[in-house]
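Okay, structure first, notes after.
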Amino acid sequence: MSGWLIVLKPNPIFAQKPFLGLALFASAIILAPWIVGGIGGNYWVRILDFALLYLMLAIGLNIVVGFAGLLDLGFIAFYAVGAYTAALLSSPHLSSHFPWIAELFPHGLHLSVWLIIPIAATIAAIFGCLLGAPTLKLRGDYLAIVTLGFGEIIRIFMNNLDRPVNITNGPKGIRAIDPITVFGVDLSKKVDLGFIQIEAVYLSYYLFVLLALLVILIAYRLQHSRLGRAWVAIREDEIAAKAMGINTRNVKLLAFALGASFGGVAGAMFAAFQGFVSPESFVLWESIVILAMVVLGGMGHIPGVILGTFLLAGLPELLRAGIEPLQRMLFGSVVLEAEIIRQLLFGLALILIMLYRPQGIWPPSHQVGRRTS
């Protein structure tokens with residue numbers, strides 16, 4: 001089946017007046033939680049918060065899958081590494097199980113989240129290199145199977161490292177994780193400015209927006225750097241890239257490490273935002289959802305990945321909220337659970353995308369007019 005790709009193009013008005021587009025974009029970001037919260041309450045603002053965490057994960061995975069062309073089905077492992085790093089460094093868990101740590105830190109480590117973020121990113125990057133090093137010669141299905149196994153190994157380790165030495169507390173998870181604090185303001189509590197009260201989920205939203213914008217900026221600069229062009233060369237033809245003098249081993253390891261570091265940052269934010277982590281949050285399904293966000297939006301295209309992330313983070317929740325009332329209205333009772341219908345439509349959407357839009361909803365501009373088979 002063949003057909004012409006149709007891509008989204010920038011509005012010429014915004015192209016002529018970039019400040020107008022920037023102002024509208026900034027206004028939309030600032031007002032989004034208030035509009036969403038006014039319509040659906042704090043629950044939907046919380047969905048926005050999680051969508052931004054997923055966005056950081058999707059941007060990190062896009063470096064590996066979209067830029068370098070390395071299929072990774074275990075990316076959620078780096079999310080778990082970042083989350084558990086934050087949990088161990090900002091809770092009383094280690095002090096309560098290791099006497100020598102209790103002597104040094106009687107009330108727990110409780111490091112600042114701004115120290116934890118670079119630590120989590122570094123540890124996740126090391127794990128990315130550990131995954132990348134033995135898989136340098138693998139591609140396609142073989143690489144996918146190895147990365148899938150890596151993701152499951154990390155989850156199983158987190159689930160069983162409660163004996164003989166209790167490091168992760170096993171399936172019970174780690175509680176009492178310190179919340180995010182910015183300039184002395186606790187983002188887990190409502191802030192009263194006198195004329196307005198700002199809920200905690202709104203405060204977290206603005207912090208996650210800033211972090212997501214920083215991650216997007218870094219990814220954009222990487223994409224247009226010499227390293228980014230080397231990733232693209234490997235994705236298109238690794239043999240030709242090697243013949244042109246590109247050190248494919250180091251470039252692949254950098255893709256794994258940098259993508260993993262973004263996952264580690266998102267994981268640290270997740271732990272501080274939730275105040276609790278457990279292995280149940282890092283199952284294979286989460287890796288598949290993140291990969292689907294990248295594929296659906298457009299691999300290798302940052303705006304497409306952003307679009308795919310918000311579609312897959314928001315539409316399922318809209319469906320969950322509306323499908324059961326719709327069934328009651330039509331049939332008088334709930335025939336199928338919302339979760340079952342959500343997964344059916346999720347799979348159907350991916351099949352249709354692969355058949356009719358294999359490059360994604362918003363592919364890179366260099367693919368405009370290219371015929372697909």
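We did not get these values from a lab; they are worked out from the coordinates using the rules stated. Bear in mind that the values here come from a model prediction, so they are computed numbers and not experimental data. No Cβ is skipped: glycine too gets one built from the backbone with ideal geometry, and neighbour counts run over all protein chains shown.
Residues considered: L109, L131, L73. Largest GNM mean-square fluctuation over the chain, using C-alpha springs under 10 Å, is found at L109.
If I take every Cα pair under 8 Å that is 6 or more residues apart in segment 3-372, average their sequence separation and divide by the length, what percent do I get for the relative contact order? It would help to have the intermediate numbers written out before the result.
Working: 572 pairs, mean separation 112.6, N = 370.
Computed over segment 3-372, the figure is 30 percent.
Applying both filters, DSSP loop and at most 13 other Cβ atoms within 10 Å, to the GluC sites (Glu not before Pro) of segment 274-373 gives E337. Ranked by how many other Cβ atoms sit within 10 Å of their own Cβ, fewest first, the residues I306, I59, I353, I239 fall in the order I239, I353, I306, I59.
Rounded is the label for segment 3-372. Its Cα gyration tensor axes, ordered a ≥ b ≥ c, give a/c under 1.5.
For segment 77-140 versus segment 249-300, the spacing of their alpha-carbon centroids is 15 Å. Along segment 146-160 the Karplus relation, 6.51 cos²θ - 1.76 cosθ + 1.60 evaluated at θ = phi - 60°, assigns HN-Hα couplings of 5, 5, 4, x, 4, x, 5, 4, 4, 4, 5, 4, 4, 6, 10 Hz to successive residues, with x for each Gly and Pro. Listing F183, F282, F98 from fewest to most neighbouring C-beta atoms within 10 Å gives F183, F98, F282.
Taking Lys and Arg as +1 and Asp and Glu as -1, the other residues whose beta-carbon sits under 13 Å from that of L207 total -2.
The amide H of I180, built 1.01 Å from its N in the peptide plane, has L187, S188 as neighbours under 5 Å, considering only residues 5 or more places off or on other chains.
I want the local charge near S287. Using Cβ-Cβ distances under 11 Å, sum +1 for each Lys or Arg and -1 for each Asp or Glu among the other residues. Show your work: numbers first, answer last.
Numbers: positive: R155; negative: D72, E152, E286.
My count for the surroundings of S287 gives -2.
Where in segment 212-228 is the amide nitrogen less than 12 Å from a point lying 7 Å along the Cα-to-Cβ axis of A349? In segment 212-228, the label zone of A349 (backbone N under 12 Å from the point 7 Å along Cα→Cβ) covers no residue.
If a/c stays under 1.5 just call it rounded; otherwise compare a/b with b/c (prolate if a/b is bigger, oblate if not). Do that for segment 235-373, with a ≥ b ≥ c from the square roots of the Cα gyration tensor eigenvalues. Intermediate values should be presented prior to the final figure.
Working: a/c = 3.02, a/b = 1.51, b/c = 2.00.
Oblate shape, in that a/c is at least 1.5 and b/c is the bigger or equal ratio.
Lysine pair count for the chain with Cα-Cα distance under 27 Å and sequence separation of 8 or more or different chains is 5.
What is the local net charge at L136, summed over the other residues whose Cβ is closer than 9 Å to its Cβ (Lys, Arg +1; Asp, Glu -1)?
On the way: positive: K137, R249, K252; negative: none.
For residues surrounding L136, the net value is +3.
Cβ crowding within 10 Å, taken as a proxy for footprinting-reagent exposure, orders T147, T122 from fewest neighbours to most as T122, T147. How would segment 92-217 be classified by its alpha-carbon gyration tensor: rounded, prolate or oblate, with rounded meaning a/c under 1.5 and the a/b versus b/c comparison settling the rest? It comes out oblate by the Cα gyration axes.
Less than 5 angstrom separates the built amide H of V277 from those of I174, all sequence-distant by 5 or more or on a different chain.
When only alpha carbons are used to place a centre, segment 183-203 and segment 21-39 end up 18 Å from one another. Working note: 222 nm ellipticity from helices only, DSSP H runs with n ≥ 4, each -39,500 (n - 2.57), summed and divided by the residues of the chain, gives -22000 deg cm²/dmol to the nearest 500.
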